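Undergrad: Please see the structure below; I have some questions.
The values are calculated or read from the model by the stated rules, or taken from the named source; none is laboratory data. The structure displayed is predicted, hence computed values, not measured ones. Every residue, glycine as well, gets a Cβ built from its backbone with ideal geometry; the counts of neighbours run over all protein chains shown.
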Amino acid sequence: MLLSMEAEKPGEGMVDYHLHTVRCGHAVGGLEDYVSRAVELGLVEIGFSDHFPLLHLDDPSLSMALEELPDYVREISEVAACTEGLTVRLGIEVDYIDGYVDRLAELLQPHPFDYVLGSVHFLDGWGFDDPRYLDGYRGRDILDLWERYFQVLGDAAECGLFDVLAHPDLIKKFGFRPPGDLRRMYESCLDRVAGSGLVVEVSTAGLRKPVGEIYPGEEFLHLCREREIPVTLGSDAHAPGEVGWRFHEAAALLLRTGYREIVLFRKRERWSLPLPARRNGVWG
């Protein structure tokens, strides 16, 4: 899908599969506001993928309650049915927690999701990406922490619940990094991701966080490309103004690392969409 050089819409020809709703307890804006912003940017598809109810923790500021799930599915399906000029997909973001896989599979099964994002936000019960628990980094061996994170991310890839791994190097969010070469750690995890056939999300959310980087970083994404791991795009928007956030930078990163396509979903099946090309500094 090549667009004219005169195209001025910064999201033209792209998708954003990671949008939240007020049901998660920490997002703002109506569904129609997210849709309007996507149209304004020229996106071809969006997907709402709000936080699935947390089974290991009762915190209404982090996810919808289990009894809200049917209403969430209904609301997104209704928006999808009445939106013209933009495809709206029904997604969900599910936290991987060891010991809950079977129960999660049971709860996901009745609903007609187009795709399921898998996330790791907790390590041994600690919400490492939650600013309320930032003190948890004190006294920790950061190398051990990163090793643990990528081990759990590999476990998530192999659990069979997910279509996409969301913001795959989220552990860098607050800028705590171990010294030295991290390639071995990445490779071990990504061999498992490739073997599981999952898609990796390229998320611009990290550009809004202390780390100031896209998830995942360039080296990680190069290793994904070497393993022919497909990718899709997400902003992790928690407000309408974050939809398609700096997607031109994500597209540039993808092209630089050798990607020419992104993945789209429908009813848990996927196909590819060509990335827009960049000519003379213009996406199109």
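Undergrad: Checking the condition surrounded by fewer than 19 Cβ atoms within 10 Å (Cβ to Cβ), aliphatic (A, V, I, L, M) and farther than 19 Å from residue 205 by Cβ, which residue from 22, 35, 28, 44 passes? Reasoning before the result, please.
TA: Working: 22 fails: farther than 19 Å from residue 205 by Cβ; 35 fails: surrounded by fewer than 19 Cβ atoms within 10 Å (Cβ to Cβ); 28 fails: farther than 19 Å from residue 205 by Cβ.
One residue alone meets the criteria, 44.
Undergrad: Determine the pairs where a residue that is free of Cβ contacts under 8 Å to residues at least 40 places away in the same chain and part of a helix (DSSP H, G or I), located within the range 219-242, has a partner that is polar (S, T, N, Q) and surrounded by 24 or more Cβ atoms within 10 Å (Cβ to Cβ) with Cβ atoms under 8 Å apart, the partner being 6 or more residues away or on another chain.
TA: Pairs that qualify, where the first residue is free of Cβ contacts under 8 Å to residues at least 40 places away in the same chain and part of a helix (DSSP H, G or I) and the partner is polar (S, T, N, Q) and surrounded by 24 or more Cβ atoms within 10 Å (Cβ to Cβ), are 242/235.
Undergrad: Which of the residues spanning the range 216-238 are farther than 17 Å from residue 184 by Cα and surrounded by fewer than 16 Cβ atoms within 10 Å (Cβ to Cβ)?
TA: 228
This table checks each residue for (1) modelled with pLDDT of 95 or more; (2) touching a helix residue (DSSP H, G or I) at 6+ places or on another chain (Cβ under 7 Å).
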position: 6; (1), (2): no, no
position: 10; (1), (2): no, yes
position: 19; (1), (2): yes, yes
position: 24; (1), (2): yes, no
position: 27; (1), (2): yes, no
position: 39; (1), (2): yes, no
position: 44; (1), (2): yes, no
position: 61; (1), (2): yes, no
position: 68; (1), (2): yes, yes
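Undergrad: For the range 111-126, what are the residues that are assigned to a strand (DSSP E or B) and either closer than 7 Å to residue 91 by Cα or in contact with a Lys or Arg (Cβ under 8 Å, 6 or more places away or on another chain) (or both)?
TA: Quick first cut of the range 111-126, residues assigned to a strand (DSSP E or B) only: 115-119, 122-123, 126.
Of everything in the range 111-126, those that are assigned to a strand (DSSP E or B) and either closer than 7 Å to residue 91 by Cα or in contact with a Lys or Arg (Cβ under 8 Å, 6 or more places away or on another chain) (or both) turn out to be 115, 116, 123.
Undergrad: Out of 102, 135, 144, 163, I need the residue that is farther than 23 Å from residue 57 by Cβ, free of Cβ contacts under 8 Å to residues at least 12 places away in the same chain and not aromatic (Phe, Trp, Tyr). Which one?
TA: Exactly one of 102, 135, 144, 163 is farther than 23 Å from residue 57 by Cβ, free of Cβ contacts under 8 Å to residues at least 12 places away in the same chain and not aromatic (Phe, Trp, Tyr), namely 144.
Undergrad: Checking residue 143 against (1) assigned to a helix (DSSP H, G or I); (2) of a type outside the set (Gly, Ala, Ser); (3) surrounded by 15 or more Cβ atoms within 10 Å (Cβ to Cβ), which test does it fail?
TA: With respect to (1) assigned to a helix (DSSP H, G or I); (2) of a type outside the set (Gly, Ala, Ser); (3) surrounded by 15 or more Cβ atoms within 10 Å (Cβ to Cβ), residue 143 is out only on (3).
Undergrad: Scanning for something of a type in the set (Asp, Glu) and within 20 Å of residue 274 (Cα to Cα), does the range 231-248 turn up at least one residue? Don't jump to the end; show me each part of the working.
TA: Filtering the range 231-248 down to residues of a type in the set (Asp, Glu) leaves 236, 242.
From the residues that got through so far, the ones that are within 20 Å of residue 274 (Cα to Cα) too are none.
Scanning the range 231-248 turns up no residue that is of a type in the set (Asp, Glu) and within 20 Å of residue 274 (Cα to Cα).
Undergrad: Determine whether the range 272-281 contains at least one residue that is of a type in the set (Lys, Arg), loosely packed, with under 15 Cβ neighbours inside 10 Å and assigned to a helix (DSSP H, G or I).
TA: Taking the range 272-281 and keeping what is of a type in the set (Lys, Arg), we get 278-279.
Next cut, loosely packed, with under 15 Cβ neighbours inside 10 Å only: 278-279.
The next check asks that each one be assigned to a helix (DSSP H, G or I); those that pass are none.
Scanning the range 272-281, I find no residue that is of a type in the set (Lys, Arg), loosely packed, with under 15 Cβ neighbours inside 10 Å and assigned to a helix (DSSP H, G or I), so the answer is no.
Residue-wise test of (1) among the polar types (S, T, N, Q); (2) closer than 25 Å to residue 161 by Cβ; (3) modelled with pLDDT under 95.
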residue	(1), (2), (3)
197	no, yes, no
216	no, yes, no
220	no, yes, no
236	no, yes, no
247	no, no, no
255	no, no, no
263	no, yes, no
283	no, no, yes
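Undergrad: Would you please list the contacts, defined by Cβ atoms under 8 Å and residues six or more apart or on different chains, that run from a residue in the range 111-124 that is without any contact (Cβ under 8 Å) to a residue 40 or more places away in the chain to a residue that is not acidic (Asp, Glu)?
TA: Cβ pairs passing all conditions: 123/145; 123/148; 123/149; 123/152; 124/148.
Undergrad: Tell me which residues, restricted to the range 171-215, are acidic (Asp, Glu) and either surrounded by fewer than 16 Cβ atoms within 10 Å (Cβ to Cβ) or under 19 Å from residue 131 (Cα atoms) (or both).
TA: Once the filter is applied, which keeps residues that are acidic (Asp, Glu) and either surrounded by fewer than 16 Cβ atoms within 10 Å (Cβ to Cβ) or under 19 Å from residue 131 (Cα atoms) (or both), the range 171-215 yields 181, 187, 191, 213.
Undergrad: Now for a different question. When residues of the range 153-165 are filtered for being part of a helix (DSSP H, G or I) and either surrounded by fewer than 19 Cβ atoms within 10 Å (Cβ to Cβ) or over 17 Å from the mean Cα position of the chain (by Cα) (or both), how many remain?
TA: Just the residues of the range 153-165 that are part of a helix (DSSP H, G or I), to begin with: 153-158.
When the remaining residues are screened for being either surrounded by fewer than 19 Cβ atoms within 10 Å (Cβ to Cβ) or over 17 Å from the mean Cα position of the chain (by Cα) (or both), the result is 155, 158.
Number satisfying all stated conditions: 2.
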